[in-house]
There are 2 protein chains.
Amino acid sequence: MRSRSEEDYLKAIYSLSIKGSSTSTNEIAKALTMKASSVTDMLKKLADKKWVNYIKYKGVTLTKEGKQIALQIIRKHRLWETFLVTNLNFKWDEVHDIAEQLEHIDSIELINRLDKHLGFPKFDPHGDPIPDKNGKIQDLRKSQPLSDLKKGDKGIIIGVVDGTSIFLRYLDNEGLNLGTEIYVEEIFDFDFSYKLKINNKFLTVSERVSKNLLIQF
Amino acid sequence: MRSRSEEDYLKAIYSLSIKGSSTSTNEIAKALTMKASSVTDMLKKLADKKWVNYIKYKGVTLTKEGKQIALQIIRKHRLWETFLVTNLNFKWDEVHDIAEQLEHIDSIELINRLDKHLGFPKFDPHGDPIPDKNGKIQDLRKSQPLSDLKKGDKGIIIGVVDGTSIFLRYLDNEGLNLGTEIYVEEIFDFDFSYKLKINNKFLTVSERVSKNLLIQF
DNA sequence: AAACTAATTTAGACTAGACTAAAAAAAAGT
DNA sequence: ACTTTTTTTTAGTCTAGTCTAAATTAGTTT
């Protein structure tokens, strides 16, 4: 059996390993708001259980089994988020903390039935892909941050980089929902803000926002 | 904040206090499959938090606050069981262990929305009443075990005393569902088994079963 | 009421998972 | 290549929640 703590570590290592396959003690500590020494301790335990490849001072990667576990936790997290938004009418900025708890509920049968109940969704409310029961993520869509677009480009909002509540509420407020089509009317060189055209209305967003919005291409 | 362990204790004390307002260290230990010494430790902690009235060697009762907490956990447990059966098509004998986990999810908003989503049910799949958001149980139905009925009596099955899987599966098998109307055709003195008439068919159940089936009166 | 038995508590030990402070290794700067 | 800084690990401590074994209290029997 796995403890909640172990699951949190595996998930964090998975997320941090996305770009560049190895991650470091300090990065994990930062992600979990813990001290580096605590992380070292846990990495040894996870290595004993063959869920990570860990070499002192050299960073850590997930084993095949560790990755599978991480993917199943992410699957649970995203399915529960979907449930909360589509069935219980939560807003997309309200669901993270609750899903953070629900993702640790231990029942494969439960999660598969939830998946079926929701109609086997492929994406969660934030546009993130949901792994299937085998841990496969089949996201054929390619995306880039809005900040990579040039004047005159257009695209559809399909996700966010940073899913914190404040940012999501801002997006709601400005009408920047998933699926919204945007057109880059202008980029202002002095602060790299973007003037967008959305449904024939204009809206200017900061550089910060442009880096957090994912656009399909 | 409350730990999972603390919640388990409060729930156990609540259940054991139903008949006779005080319960004992040993009873709690048995209910939670723990050692009496562990229970003593925890009772002190719960008393410090003012959730129980505890006097050494004299047994324990819940305070008003402790009782409210216990009722909220039971509310969560029963609402989740209802969700699992009515929305995810679990059988009534499959939901207990999962609900045992879900009952500890900490979000009042979540549980109130779940309640609404389910249409504010008053009873769970086992016929047990669901406390409302204020902890009120308004179960106006009176029930007695089948074993209290006499020859010629009739009534409706509205609950079970012991909700273990094996017993529930037996009931399913024999067609003894909640809401089923039964008529006591005969009681056999030699083993106190009950011959019932259900939808014009006859079925004999053991004394054990007769003590576990609750009949409305 | 003394003696026995059962229930309960105390005392001390263990584990998981966190921490702090100090030591060691790696990386970066000169 | 040597020194300094940063990162990581080690060593030792703490807390929550469990345990065993021994001691104490309560309840029961004679």
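Counting heavy atoms of the protein chains only and a 1.4 Å probe, report the per residue accessible area for chain A as a whole number of Å². Show your work: numbers first, answer last.
On the way: 11960 Å² over 217 residues.
That works out to 55 Å² for each residue.
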Using the 7 Å Cα-to-Cβ label point, sort the distances from residue B:41 to its equivalents in the other copies shortest first and give them in nm to one decimal.
1.7
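Above 29 Å lies some portion of the pair distances; for chain A, what is it as a whole percent of all C-alpha pairs?
Details: 8277 of 23436 pairs.
So the pairs more than 29 Å apart make up 35 percent of the total in chain A.
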Under-5 Å amide H pairs with residue A:52, H placed in peptide plane, nonlocal only:
A:47, A:63
How large is ³J(HN,Hα) for each residue in the range B:39-49, as worked out from phi by the Karplus curve 6.51 cos²θ - 1.76 cosθ + 1.60 (θ = phi - 60°), to whole Hz, x for Gly and Pro?
5, 3, 3, 5, 4, 4, 5, 5, 5, 4, 7
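Give the relative contact order (percent, whole number) for chain B; include only Cα pairs under 8 Å separated by 6+ residues. Don't skip to the answer; put the middle values down first.
Numbers: 308 pairs, mean separation 33.0, N = 217.
It rounds to 15 percent for chain B.
In percent, what relative contact order does the range B:2-51 have, based on Cα pairs under 8 Å that are 6 or more apart in sequence?
On the way: 25 pairs, mean separation 14.6, N = 50.
Relative contact order comes out at 29 percent.
For a quick check of your reading of the filter: which chymotrypsin sites (Phe, Trp or Tyr not before Pro) in the range B:156-193 sit in a DSSP loop and have no more than 13 other Cβ atoms within 10 Å? Walk me through the numbers before you get to the answer.
Details: sites: B:167, B:170, B:183, B:188, B:190, B:192; in loops: B:190, B:192.
In loop regions of the range B:156-193 (DSSP not H, G, I, E or B), the sparsely surrounded chymotrypsin sites (Phe, Trp or Tyr not before Pro) are B:190, B:192.
Dividing the Cα convex hull volume of the range A:8-112 by residue count, how many Å³ per residue is that? Can you show the working numbers first?
Numbers: hull volume 11.5 nm³, N = 105.
In the range A:8-112, the Cα convex hull volume per residue is 109 Å³.
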Vicinal HN-Hα couplings computed from phi for the range A:100-111 (Karplus, 6.51 cos²θ - 1.76 cosθ + 1.60; Hz; Gly/Pro x):
4, 7, 5, 5, 9, 5, 9, 6, 5, 4, 4, 6
Using modelled amide H (1.01 Å from N, peptide plane; none on Pro or chain starts), what sits under 5 Å from the amide H of residue A:90, excluding residues fewer than 5 places away?
A:85
Of B:30/B:91; B:19/B:58; B:122/B:142, which pairs sit farther than 20 Å apart, going by alpha carbon to alpha carbon?
B:30/B:91
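Report in % the part of the accessible area of the range B:4-62 that belongs to carbon and sulfur, leaving out ligands and nucleic acids; probe 1.4 Å. Each step should come with its number before you reach the end.
Working: 1930 of 3620 Å².
Using a 1.4 Å probe with all protein chains present, the range B:4-62 comes out at 53 percent carbon and sulfur.
Quote the total accessible area buried by chains B and A together, excluding ligands, DNA and RNA, probe 1.4 Å, nearest 100 Å². List each step's numbers first, then the result.
Numbers: alone 12740 and 12750 Å², together 23900 Å².
Summed over both sides, the interface buries about 1600 Å².
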Build a GNM of chain A with springs between Cα atoms under 10 Å: which of A:191, A:162, A:93 gets the top mean-square fluctuation?
A:191
Obtain the radius of gyration and the Kirkwood radius of the range A:76-136 from its C-alpha atoms and give Rg over Rh.
0.92
Could you identify which residue out of B:75, B:141, B:169 has the top mean-square fluctuation in a GNM of chain B using Cα springs shorter than 10 Å?
B:141
Over the protein assembly as shown: helical MRE at 222 nm, DSSP H runs n ≥ 4 each giving -39500 (n - 2.57), nearest 500
-12500 deg cm²/dmol
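Please sort by residue number the chymotrypsin sites (Phe, Trp or Tyr not before Pro) in the range B:1-87 whose DSSP state is loop and whose Cβ has at most 13 other Cβ atoms within 10 Å.
Numbers: sites: B:9, B:14, B:51, B:54, B:57, B:80, B:83; in loops: B:51, B:57.
Qualifying residues, ordered by number: B:57.
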Calculated label separations, residue A:1, copies of the chain, 7 Å along the beta-carbon direction, nm:
2.1
Leaving ligands, DNA and RNA out of it, work out the accessible area of residue A:52 with a 1.4 Å probe and give it in Å² to the nearest 10.
10
Calculate how steeply helix A:4-17 sits against the longest principal axis of the alpha-carbon atoms of chain A, using the helix alpha-carbon long axis, and give the answer as 0 to 90 degrees to the nearest 10.
50
Report the local net charge at residue A:75: Lys and Arg +1, Asp and Glu -1, summed over other residues whose C-beta lies under 12 Å from its C-beta.
0
In whole Å, largest first, the alpha carbons of the range B:122-166 cover along the principal axes 41, 28, 12
So if I take the centroid of the Cα atoms in the range A:129-205 and the same for the range A:1-34, what is the distance between those two points in Å?
27
From the phi angles alone, apply the Karplus equation (6.51, -1.76, 1.60; θ = phi - 60°) to the range B:190-203 and give each ³J(HN,Hα) in whole Hz, x where the residue is Gly or Pro.
5, 9, 6, 7, 10, 9, 10, 10, 10, 6, 6, 10, 9, 8
Taking amide H positions as placed in the peptide plane 1.01 Å from N, state which residues far from residue B:180 in sequence (5 or more) or on other chains have amide H under 5 Å from it.
B:157
Put a point 7 Å out from Cα along the line to Cβ at residue B:192; what are the distances to that point in the other copies, in nm, shortest first?
8.0
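The values are calculated or read from the model by the stated rules, or taken from the named source; none is laboratory data. Since the model is a prediction, treat every value here as computed from it, not as a measurement. Reconstructed Cβ throughout: ideal geometry from the backbone, glycine too, with neighbour counts over all protein chains shown. Just so you know, the surface numbers come from the protein's heavy atoms only, side chains and all, with ligands and any DNA or RNA stripped out. Shrake-Rupley method; radii C 1.70, N 1.55, O 1.52, S 1.80 Å.
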